[in-house]
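The structure appears right after this line, and notes come after that.
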Amino acid sequence: MMNKTRPAVPATGPAIQAKALTAVRGTRTVLRGLGFSVPPGRITGLLGPSGCGKSTLLRAIVGTQARTTGTLTVLGRPAGHPALRDRIGYVTQAPSVYDDLTVRQNLDYFAAVLHPGRAHRATRATAVDRALADVDLSDRADALAGNLSGGQRSRVSLAVALLGTPELLVLDEPTVGLDPVLRRDLWDLFHRLAADRGTTILVSSHVMDEAERCHRLLLMRDGRLLADDTPENLRRDHGAPTVEAAFLHLVDTANTQATAAAPAPVQEPR
Amino acid sequence: MNTARTLATAARVLRQLTHDPRTIALMLLVPVVLITLLRFVFDGSPAVFDATGASLLGIFPLVTMFLVTSIATLRERTSGTLERLFTMPIGKGDLIAGYALAFAALAAVQAALATATALWLLDLTVTGSPWLLLLVALLDALLGTALGLFVSAFAASEFQAVQFMPAVIFPQLLLCGLFTPRDRMHPALEAVSDVLPMSYAVDGMNEVLRHTDATADFLRDVLIVAGCALLGLALGAATLRRRTP
């Protein structure tokens, strides 16, 4: 590792903390006053149906979302702070790699952005080889990214995020469209990263069975948080056998409350 | 700005192109073919070929780099790699300078090929030094890169990006003095042509065509083109946003 003075996150302090976080896209309010915290060194799952604001929340955390209000602190600094740029790994939903470069050339370039200059040549080579091994693509290193399968391309995208040994890894639906074996392998990797490298992982998904693999869960719907708890507590509190059942129970309860709170339709006087 | 990141970006852009040999071949050969075509179109009037040929040597790199840059930047935006880069420690200036450097290198080869063909195979008669022709061509390429970078911010798709070429380049082509001397245009158009950078690119080429040394006018033209290119690159950098809606 480079000998940089990094403001150490206190082991007890949260890796991410949000208070009254709101985001507006166009005329739509996508995030509505979110408040939550993500513990360091653990895997936190961000779950909810498509279009509920998961990607917007992740983009706000990595600092690419415009028009956000409220407080969002990431690794002890406001989200998007320049000092965070080599401490966070971000994987977008669609693989963001250069299709007209080989896997290794992609990694070489992003490694050069993280550790520029001749002095870091060895660091880069090590980081690239390790990232390739992490996502199990060492044998495809010289293939053009554009010629890979969808699952392989998304693993290249993940490998790029692992290059700088980030303290926080933000993953937007990394397992979509992957076969069960690959999905299991990736989840094993996430657990290794959290356990061995102390990486904080925030991973979004709309597949509820992945929720069971997380240490902690944020359940989202329509830009609001329905729950912020461990999978065990969620199942227990709602007397549900799975997180999915607990989520559905939460949604039903929220809907009933909304209907009860709304005033009864008044007949227009003629 | 960080030199190592700029150079890494330039190397990456060139590496991307090496996987696309057809684009490289088109970029390098089309100007040579077109200038050859022009030579035989004006077979009976070599003086016209001398005048327009020199101007075209400046216009080719501008147009090619405009197209290549606007599409390349658009791709960077739509593929998500731009968003990814902006979550990483790279400055906008590093990215823009990397692009400019890569395309300038390519433009140098393109301009060298076209100029050499025109001067030695097609007998284009130029009073001044071929190096000055190359210098103007290179600055034109930089100007094309800058303009392409700037307009790509306003294009949401490849279709739109390509349409910016007739919108941004063609008016300059009509008004730059290629078809008729600028002082013989309608005064209003002449005034417009006075503020369009391509006019100075063509003026600069014409100075080399007619004079043995770099004249004061030539220097002025070169400085204006270089200034416009830098301004365009700066504006292009300003259109890149780390935070997007």
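The values are calculated or read from the model by the stated rules, or taken from the named source; none is laboratory data. Since the model is a prediction, treat every value here as computed from it, not as a measurement. Note that we place each Cβ from the backbone using ideal geometry, even for glycine, and neighbour counts take in every protein chain shown. We work out accessible area using only protein heavy atoms, side chains counted, and drop any ligands, DNA or RNA first. Shrake-Rupley method; radii C 1.70, N 1.55, O 1.52, S 1.80 Å.
If I build a Gaussian network model for chain B, linking alpha-carbon pairs within less than 10 angstrom, which residue out of B:Phe103, B:Phe86, B:Phe159 has the largest mean-square fluctuation?
Among B:Phe103, B:Phe86, B:Phe159, the largest mean-square fluctuation in the Gaussian network model of chain B belongs to B:Phe159.
Along the Cα-to-Cβ line of A:Ala240, 7 Å from the Cα, sits a label point; which residues in the range A:14-53 have backbone N less than 17 Å from it?
Answer for the range A:14-53: A:45-50, A:52.
Over chain B, give the accessible area per residue in Å² for a 1.4 Å probe, as an integer.
Result: 44 Å² of accessible area for each residue.
Give me the net charge for the shell around B:Val225: Cβ to Cβ below 13 angstrom, other residues only, Lys and Arg +1, Asp and Glu -1.
-4
Taking both sides together, what accessible area is buried at the A/B interface, probe 1.4 Å, expressed in Å² and rounded to the nearest 100?
The contact between B and A buries close to 2800 Å².
Expressed as a whole percentage, what fraction of the accessible surface of the range B:82-241 belongs to carbon and sulfur atoms when a 1.4 Å probe is rolled over the protein heavy atoms?
That fraction is 71 percent.
Share of antiparallel DSSP beta bridges in chain A, in percent to the nearest 5?
55
Looking at the square roots a ≥ b ≥ c of the eigenvalues of the Cα gyration tensor of the protein assembly as shown, which shape do they give, rounded for a/c under 1.5, prolate if a/b is larger than b/c, or oblate?
Prolate, because a/c is 1.5 or more and a/b exceeds b/c.
Show the residues, 5+ positions off or on another chain, whose built amide H is closer than 5 Å to the amide H of A:Leu169.
A:Gly89, A:Thr200, A:Ile201, A:Leu202
What nm value, rounded to one decimal, do you get for the distance between B:Ile24 and B:Leu37 when each label is placed 7 Å out toward the C-beta?
2.4
Take every Cα pair under 8 Å in chain B that's 6+ residues apart, average their separations, divide by the length, and report that relative contact order as a whole percent.
Answer for chain B is 28 percent.
Can you show me the helix-derived [θ] at 222 nm for chain A, built from DSSP H runs with n ≥ 4 at -39,500 (n - 2.57) apiece and divided by the number of residues, rounded to the nearest 500.
Mean residue ellipticity, 222 nm, calculated: -10500 deg cm²/dmol.
Cα centroid distance between the range A:162-195 and the range B:134-156, in Å?
That distance is 40 Å.
Please give the net charge around B:Val136, taking every other residue with its beta carbon less than 12 angstrom from that of B:Val136, where Lys and Arg add +1 and Asp and Glu add -1.
After counting each charged neighbour, the total is -4.
Could you tell me which of rounded, prolate or oblate describes the range B:31-86, using a ≥ b ≥ c as the square roots of the eigenvalues of the alpha-carbon gyration tensor, with rounded for a/c under 1.5 and, failing that, prolate when a/b is larger than b/c and oblate otherwise?
The shape class here is prolate.
Taking all protein chains in place and a 1.4 Å probe, what share, in percent, of the accessible surface of the range B:1-63 do carbon and sulfur account for?
With neighbouring chains kept in place, the figure for the range B:1-63 is 71 percent.
By how many nm would the segment from A:Arg25 to A:Thr253 grow when fully extended, if each residue of separation counts as 0.36 nm and the alpha-carbon distance is taken off?
Extending this stretch completely gives an extra 79.3 nm.
Mind listing the phi-derived Karplus ³J(HN,Hα) values for the range B:2-7, rounded to whole Hz, using 6.51, -1.76 and 1.60 with θ = phi - 60°, and x for any glycine or proline?
Computed from phi, the couplings for the range B:2-7 are 9, 4, 4, 5, 4, 5 Hz.
Rounded to the nearest 20 Debye, what is the dipole magnitude of chain B about its Cα centre when Lys and Arg each give +1 and Asp and Glu each give -1 at the C-beta?
The calculation lands at about 1120 debye.
What are the residues of the range A:68-98 that lose 50 Å² or more of accessible area, with a 1.4 Å probe, going from their chain alone to all protein chains?
A:Arg85, A:Tyr90, A:Ser96, A:Tyr98
Once the dipole of the protein assembly as shown is set up with Lys and Arg at +1 and Asp and Glu at -1 on Cβ about the Cα centre, which of B:Ala167, B:Thr81, B:Leu132 lies farthest towards its positive end?
Selected residue: B:Thr81.
Compute the Cα gyration tensor for the range A:75-134, then decide on rounded, prolate or oblate, letting a ≥ b ≥ c be the square roots of its eigenvalues: rounded whenever a/c is under 1.5, prolate when a/b is larger than b/c in the other cases, and oblate in all that remain.
oblate
Measuring with a 1.4 Å probe in the full set of protein chains, what accessible area per residue, in whole Å², belongs to chain A?
46
Measuring from a point 7 Å past the Cα of A:Glu232 along Cα-to-C-beta, which residues in the range A:194-213 have an amide N at less than 15 Å?
Under cut-off, by backbone N: A:212-213.
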